[in-house]
Amino acid sequence: MRVVTTVITGLVLLVGLSLGVYKYVHDSSQSMVGQLEQVETMIQNAKWDGAKVQLEQTKVSWDQTKYWWTILLDHQELDNIDLSMSRLQRYVDTQGLSLSLGELSALKMLVDHISDKEAFNLRNIL
């Protein structure tokens, strides 16, 4: 009886922690996507200085988020986001409209994909 109780407690703890980690990853990725959408709006309106400032704030936020994601997630995904963020900063610095918007779209997809990849559903289990 004691073994069954221990196994059930461990299982409940494992599922609870998994759901907590997913919620954190989902919330932080949605926050990041929201910040990137603000950058996108500024780029579309040709407010390059505002886009640079907002992108810098997003980069600071990303550095804080990346610290915890490094512990929880695949590092290849995080490296892809870092590369995309660096390219986007350069495109915004040079005020390349089409390149900035293209890279921004890719960056939003990379960040949003992490949330989908970590979801607790049958597709990810199988």
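At-a-glance table
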item: Residue pairs meeting the criteria (Cβ under 8 Å; at least 6 apart or on separate chains; first at pLDDT 70 or above, in region 114-126; second surrounded by 10 or more Cβ atoms within 10 Å (Cβ to Cβ) and assigned to a loop (DSSP other than H, G, I, E, B)); result: Ile114/Leu73; Glu118/Leu73
item: Filter result for Asp116 (at negative phi, within 16 Å of the chain's Cα centre (by Cα) and either surrounded by fewer than 16 Cβ atoms within 10 Å (Cβ to Cβ) or small (Gly, Ala, Ser) (or both)); result: yes
item: Identity of the residue in region 65-76, out of contact with any Phe, Trp or Tyr (no Cβ under 8 Å at 6 or more places or on another chain), of a type outside the set (Val, Ile, Thr) and at pLDDT 90 or above, that ends up surrounded by the most Cβ atoms within 10 Å (Cβ to Cβ); result: Trp69
item: Qualifying positions in region 30-72 - touching a residue at least 12 places away in the same chain (Cβ under 8 Å), of a type outside the set (S, T, N, Q), out of contact with any Asp or Glu (no Cβ under 7 Å at 6 or more places or on another chain) and over 16 Å from Arg90 (Cα atoms); result: Met32, Glu37, Trp62, Lys66, Trp68, Trp69, Leu72
item: Enumerated helices (runs of 4 or more DSSP H) restricted to region 25-126, each holding at least 1 residues that are over 28 Å from Val15 (Cα atoms); result: 48-72, 75-93, 97-117
item: Filter result for the condition that a residue is of a type in the set (Ser, Thr, Tyr) and within 18 Å of Leu110 (Cβ to Cβ), over Thr41, Thr70, Thr5, Thr94; result: Thr70
item: Counted residues, region 1-21 - those being in a helix (DSSP H, G or I) and either loosely packed, with under 10 Cβ neighbours inside 10 Å or under 12 Å from the mean Cα position of the chain (by Cα) (or both); result: 4
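The values are calculated or read from the model by the stated rules, or taken from the named source; none is laboratory data. Model, not experiment: these values are computed from the prediction. Every residue, glycine as well, gets a Cβ built from its backbone with ideal geometry; the counts of neighbours run over all protein chains shown.
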